[in-house]
1. Which far-off residues, 5 or more places away or on another chain, put their amide H under 5 Å from the one on Asn369, with H placed in the peptide plane?
2. Sorted by accessible area (1.4 Å probe), largest first, how do Ser821, Ser810, Ser432 line up?
3. Using a 1.4 angstrom probe and counting only protein chains, how large is the accessible area of Val496 in Å², to 10?
4. Given the protein chains as shown and a 1.4 Å probe, how many square angstrom of Ser556 are accessible, to the nearest 10?
5. Any idea how far apart Gln302 and His903 come out in nm if each label point goes 7 Å out from Cα toward Cβ?
6. Per residue of the range 565-575, what does 6.51 cos²θ - 1.76 cosθ + 1.60 with θ = phi - 60° give for ³J(HN,Hα)? Whole Hz please, x for Gly and Pro, Karplus curve as stated.
7. Please report the accessible area of Leu774 (heavy atoms, 1.4 Å probe, ligands and nucleic acids excluded) in Å², nearest 10.
8. Report, in listed order, any pair from Lys927/Lys954; Lys337/Lys439; Lys542/Lys575; Lys380/Lys407; Lys779/Lys830 with a Cα-Cα distance greater than 21 Å.
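The values are calculated or read from the model by the stated rules, or taken from the named source; none is laboratory data. If you're wondering where the values come from, they're calculated on a predicted model, not measured in any experiment. Ideal geometry is used to build each Cβ from the backbone, glycine not excepted, and the neighbour counts take in all protein chains shown. We work out accessible area using only protein heavy atoms, side chains counted, and drop any ligands, DNA or RNA first. Shrake-Rupley method; radii C 1.70, N 1.55, O 1.52, S 1.80 Å.
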Amino acid sequence: MTEITGFNFTEDDFTAADLVKFELIKSEEEEDLNNLAELFNHIVAAKAAKLSQEKEEFYSKQLVLKELESDIFYNHFPCGYFSTDSNGIINKINTTLLGWLGYAKEDIIGKVTWQSLLSVGGKMYFETHYSPLLQMQGFVQEISFEMVKKDKTRLPILINTKQIRDENGKVQINYSTVFDVSQRKSYEKELLIAKRTAEDQNELIEYTFRNASTPIYYVLEDASIYDFNDIAAEKLGYTSEELHTLKIYDLDKNYDEKKWASEWAKLKAKKKITIETQQKKKDGTLIDVIITANYVKYGDLQLNCSYVLDITEKKKRADELKIANKELAFQNEEKEKRAEDLKLMDFAFKESSTPIMLHLQNGEFYSFNDALLNILGYTKEEFSKMNLLNVVTMDELACISQWDEIKEKGTVVFDCHFERKDGVLLDVEVSSNLIKYNKYEVNFCYINDITEKKKAETEIYSMNELLQRQTDCLLLATKSAQLGIWDWDLESDTLVWDEGMCKLYGIAANKFKLIKEEWIARLHEEDRTEIDNEIQLAITNKKEYNTEFRIVWSDSSIHYIRATGIVERVDGKPKRMIGVNWDVTAEKQSIQHLKLLESVIVHTKDSILITEAEPNDLPGPRMIFVNPAFEKMTGYTSEEVIGLTPRLLQNEDTDRKELDKLRTALNKWEPCEITVSNSRKNGEKFWNNFSVAPVANEKGWYTHWIAIERDVTKQIEATIEKERMIKELLENNRELKQFSYITTHNLRAPLTNLVLICKLISREKIEDPSILKLIEAFKTSTYQLNETLNDLINVLIVKENTDLKLEELSVVEIMNKVKESISETLRDSKAIIETDFSDMPTVHFTKVYLESIFLNLITNSIKYRHPERNPIVKIKTTKDAIGRTKLTFSDNGIGMDMSRVKHKIFGFHQRFHNNADSKGIGLFLIKSQINALGGQIEVNSEVNIGTHFTITFK
């Protein structure tokens with residue numbers, strides 16, 4: 001009898017299944033491992049003795065099983081039951097399971113394997129977990145699957161299977177019991193949702209407390225502070241550690257132990273109280289606060305939960321209001337004094353025949369006499385409601401300037417206009433005097449009516465002055481219009497030009513007099529004959545002189561001139577010809593530019609349409625032009641669409657959001673680009689890319705909209721197909737990733753069992769050399785499979801983990817840690833490691849990844865060292881021209897043929913040498929780690945020279 005962790009065993013009833021149970025408790029019972037190994041060796045030795053006894057037990061079990069297979073078991077038990085032959089085909093099934101699945105017996109028995117009734121994931125789990133475990137143990141217990149019913153719905157189950165074998169270990173029959181766990185699954189799901197909801201609520205309460213902008217305290221009955229949020233400590237100027245050591249007495253001078261006890265009792269009775277008090281900050285200053293205290297009981301804990309509102313600024317504003325009220329009272333007293341002064345002033349100028357007024361800087365009339373009212377025609381009540389600007393024809397800015405001048409000089413005399421009540425303007429002379437009385441400044445004005453004087457001055461202007469003005473106006477007009485005036489004396493054949501003509505012909509401004517031949521010489525040679533003929537026709541009164549010609553400047557540039565003139569006759573004979581010239585070169589160039597643009601619009605392959613500027617609302621701007629490309633794209637002719645709006649192209653699939661975007665741009669007079677579904681004249685739908693922009697005239701007023709349209713149906717359809725393929729690719733990738741997770745997870749348990757069995761097998765108890773050889777081969781394969789699985793899991797972790805902690809790492813510290821971990825390997829290989837981290841002593845990366853990179857690259861340099869020399873590894877950090885950190889690894893190993901391995905060097909399970917321990921995982925893992933954080937890795941290598949790796953960090 002052997003006892004291990006509460007289980008009693010004899011060598012006779014100890015089976016391979018019990019070994020699995022020991023594996024599950026191994027992590028808790030390490031001290032029994034030696035006993036377990038010894039017991040296993042006894043079992044192996046007693047194996048031969050047990051064979052005959054197991055044969056007898058086999059026959060007895062067969063009899064029991066036959067009894068269990070009675071009609072009552074199959075048809076009336078509340079659980080499913082079936083049995084399969086050695087090939088997995090169902091040869092018996094009870095009514096309960098058939099009812100769950102919706103099949104008849106003839107659909108199942110002898111026709112299907114039970115795994116064919118599983119879901120896709122269940123079939124994979126059957127092959128990777130259930131079947132291997134059944135083969136190893138001879139039974140499985142409570143394995144979860146989903147079976148597919150006849151109506152394609154799924155049934156979640158738990159299955160127990162027992163395998164019956166003959167004396168040679170060959171499977172005879174498999175018995176399985178099935179339990180429906182649908183309600184259990186639903187309950188577990190509801191329980192998980194409730195748990196997550198409770199956790200979320202707790203997190204929200206904690207977050208609200210910590211991040212509230214109002215100070216919050218939890219205070220115990222002894223006045224000690226139990227907890228508080230960050231703003232509470234910040235407002236008082238304490239650190240969290242300091243505030244935790246204080247009591248309420250330290251923060252509020254109005255409290256002592258006795259008063260706090262009284263307040264606590266009051267709070268406990270009322271549950272909530274509000275207190276106005278003062279709190280003392282760390283620097284000693286006091287702040288006025290209102291505290292809302294709430295009694296809270298949490299289990300055995302009694303707390304005062306207090307919300308603190310700072311009212312310091314509120315009280316400060318109240319004090320300021322008191323001061324302002326005092327100032328207002330003072331002003332009222334001053335106003336009463338001023339009223340007395342006004343009575344004195346009224347008496348002084350009341351009977352004066354000279355109009356007098358007093359006004360403040362803002363134009364408000366302080367006082368005025370009856371003489372002023374008489375000349376302006378207002379009553380006292382009317383004038384009292386007016387302002388200076390209502391009377392004086394002077395803008396506000398001029399009034400302010402006038403006031404500043406009066407303030408500077410004291411007395412100022414100036415002329416202006418006063419407007420009477422009947423609208424008549426009076427010319428007046430105003431003598432202004434600034435009077436200061438207490439805090440007030442008043443403009444004291446004497447007004448003298450000078451209307452008649454001004455009329456007399458106006459009549460003094462002479463006709464010569466009026467003529468000069470007209471001459472100046474004419475000169476200004478010609479200059480503004482850039483006109484040139486010429487005068488040709490036909491009898492003397494001399495021309496007189498003004499300054500404008502000289503500028504038009506590009507000659508000196510002092511060249512005002514010339515003969516006709518000099519002017520003809522400046523004409524373009526192709527235009528001279530025609531212009532001379534037109535002049536002669538005008539002189540002979542056969543045609544008006546209104547023409548256009550070209551002139552050539554001294555720099556050979558050509559300018560277009562338009563000319564018009566009249567012939568003056570005396571006694572019917574032509575004596576004189578006068579006229580004007582103006583430059584139309586820019587106009588000509590604009591016309592040519594417009595013709596070029598018209599050619600582009602007409603011949604472009606893009607559809608172009610022009611609409612009116614408005615209305616933006618329904619029905620919308622009407623089309624006034626479409627080019628041939630529009631007709632070709634839509635099937636409409638220009639005659640059919642001119643006068644209509646572009647809305648005629650819309651259909652039921654036109655995106656309203658895109659149209660709203662266009663309408664917003666139209667209302668803001670902004671360019672816009674949209675892509676919508678439209679219809680051609682024949683009803684065929686197409687995708688239309690629509691770019692529209694406003695067109696403004698020279699004044700900046702928007703006059704039209706111009707739109708460029710393109711048929712992008714092929715591009716849109718290609719985009720939709722691309723998105724479909726990407727979605728399908730992502731779904732396939734997700735399923736492959738899920739398969740990888742299931743595979744690695746389900747291989748872990750049986751593989752761990754195999755590793756344990758390898759450790760427990762004692763070589764001393766086995767004498768057969770062939771068995772020993774098989775066991776060693778079995779151990780080697782098991783350990784290699786375990787390492788491969790670990791590598792695959794590491795790769796999956798790197799690929800999946802995108803939210804890694806980045807930190808500033810010391811390269812020296814990482815190097816020292818890695819060297820320490822492989823110190824024995826470095827010593828045995830006599831490897832020399834040379835480092836230079838002076839340029840960049842730190843890198844911004846993930847610590848575990850950087851350690852892995854150092855470890856893999858250094859151990860690779862040692863693993864693939866040259867047999868004729870000791871390995872030398874050189875590691876260096878540098879900074880490139882754009883500030884990126886680079887890490888280089890160089891060695892003098894056997895190297896690689898880059899022409900052969902360049903494109904697969906970082907592949908998964910790629911091996912380029914015959915080393916026994918080479919797995920082809922390290923470089924793949926390094927590249928995955930670097931790429932996961934946005935970095936790059938490059939490699940150069942020469943056979944028998946060495947290898948050089950360059951890592952560039954993001």
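1. Hits under the 5 Å cutoff: Ile356.
2. Ser821, Ser810, Ser432
3. Surface accessible to solvent at Val496 totals approximately 60 Å².
4. 90 Å²
5. In this crude label model, Gln302 to His903 measures out at 8.2 nm.
6. Whole-Hz 3J(HN,Hα) from phi for the range 565-575: x, 10, 9, 8, 10, 10, 6, x, 9, x, 10.
7. Spelled out: Leu774, probe radius 1.4 Å, area about 120 Å².
8. Lys380/Lys407; Lys779/Lys830
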